[in-house]
């Protein structure tokens, strides 16, 4: 990409023969000479599809092949917006935004302390804003000695603060972008965005917004709808408006299930064989030009895939260089967190049972690597260009999404009937069950007591006695009892628990506390960054261990989702659910 003279001085050109002076690059020269254009279509830098989605739409006519993420990396959070309405652009004097520069510097130090394993770069739209950010970062570094190790941790990808002109060729795990321009002291958003206002400015924006591998945060003091564009606005400014809108709404183009059928009868056979073994298989998973033949869903976290399976069916034979294509695509997918398995049709039809055994072993191996701290996918042929190292603590957080539901087992009580047992003895048993299973529904608590007393059926006397004991325990402050659920006393947060091992009779949504359903929803959205309404409900149901979403289950979960949105714990834009914005320092 050619440089601009936006930040430079006018230079007088003495060369009389300047026939190429108005051609901005060698590529433009070739194009002017009539050479054929060809796109480089594969994009594999971004570990989250949202990081390239805007460029693909604005600058590449949706021609890029974007490889879907497996959803295993909690650091791959994609694009987000830090809206700073109180940070004003000083247009008349310094031409900087001091409030925004301070917010960026604070975010840098927070990153250095909390996520030092991720390399970081900061890009500003202007030289003046870049210099101010450098000053603010330096001031905070003097006050935060514990963060200093971060600034020497990534020698191959050191921390930088650059202006828009100088970021070409750089890439980092995380990129912070400071727009700087925007609302001034008069309250108006000026139509002033540095090089983006010039011809070819869209290429500067394209370079800027494609530097991140895992996450990108945009710091800005206005929203996209506040940009009043003229009909003559340059492509770069119009693309900026769309980019900011994308960052605000959280409408991310994530790996999605296309609903397409398998590509060949061979793939149909593989899918049916695996579904017969109770694996959840989704054909044709992907985005923007590349689709995996089939993906195995993780039963512990719907929305995450444990294994990509490719078959050498019709799609394989459609390429003249199929073997090289598949080898390279496999390397890219493994770099994006996928575990990979290939089935050859000749092997399948010669020994079907053996190939099924190999697939099952690959699924088990992939699931164990996800669960085991420190495990990484094994790359068999081509190593990914970039390997992102993470500390053990991050790996633990990435794999420990839910905890299994543990049932309390009380010691057997012999020679006494439940409905006449002493209240203090039953009170002690209630407290023990609550300490293990709370929040627990009254009917489930009754079952635990019945098991201890060897009772198979609960009549009116038993039900009445258990309720009497629970109300007694609540009056003396040992437990909380509300809306038929028993809770522990204290402020310990309620987490979602996996009930996938329960039998069908015990797996009822009405027996799950509302707070636990909300915890599952919050965790699902946190892990995925944003989900559409149906996916958020499906993911939460999966976290709770319910394999199938009936109308009753979905309605119950959606009711809790609406409560979270109304309370501000989640944000909803149209049908997209995201976490609410929370700027650093608030």
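The values are calculated or read from the model by the stated rules, or taken from the named source; none is laboratory data. Here the structure is a predicted model, which is why all the values come from computation and not from measurement. In this analysis, Cβ positions are derived from the backbone assuming ideal geometry, glycine residues included, and neighbour counts consider all displayed protein chains.
A few notes on this one:
- Any hit, the range 107-114, residues being at pLDDT 55 or above, in contact with a strand residue (DSSP E or B) (Cβ under 7 Å, 6 or more places away or on another chain) and within 29 Å of residue 198 (Cα to Cα): no
- Sole exception among (1) surrounded by fewer than 19 Cβ atoms within 10 Å (Cβ to Cβ); (2) out of contact with any strand residue (DSSP E or B) (no Cβ under 9 Å at 6 or more places or on another chain) for residue 157, by number: (2)
- Here residue 462 does not qualify as closer than 26 Å to residue 566 by Cβ and in a helix (DSSP H, G or I).
- Exclusive hit being outside the structural domain of residue 479 (by TED's automatic domain parsing) and farther than 19 Å from residue 403 by Cβ, set 513, 540, 519, 549: 549
- Enumeration of residues in the range 81-105 that are part of a helix (DSSP H, G or I) and in contact with a helix residue (DSSP H, G or I) (Cβ under 7 Å, 6 or more places away or on another chain): 98, 101, 102, 104, 105
- Test for residue 196: is it over 18 Å from residue 119 (Cβ atoms), free of Cβ contacts under 8 Å to residues at least 60 places away in the same chain and in the same structural domain as residue 238 (by TED's automatic domain parsing): no
- The set of residues in the range 228-242 being at pLDDT below 80 and surrounded by 19 or more Cβ atoms within 10 Å (Cβ to Cβ) consists of 236, 239.
- Annotation: residue 440 fulfils all but one of (1) surrounded by fewer than 18 Cβ atoms within 10 Å (Cβ to Cβ); (2) closer than 21 Å to residue 541 by Cβ; (3) touching a strand residue (DSSP E or B) at 6+ places or on another chain (Cβ under 8 Å); the unmet one is (1).
- In the range 165-188, the residue that is nearest to the chain's Cα centre (by Cα) out of those that are within 20 Å of residue 236 (Cβ to Cβ) and free of Cβ contacts under 8 Å to residues at least 24 places away in the same chain is 169.
- The residue of the range 85-118 that is nearest to residue 220 (Cα to Cα), among those that are free of Cβ contacts under 8 Å to residues at least 60 places away in the same chain and buried (at least 23 other Cβ atoms within 10 Å of the Cβ), is 105.
- Of the criteria (1) more than 27 Å from residue 279 (Cβ to Cβ); (2) surrounded by 22 or more Cβ atoms within 10 Å (Cβ to Cβ), which one residue 524 fails: (1)
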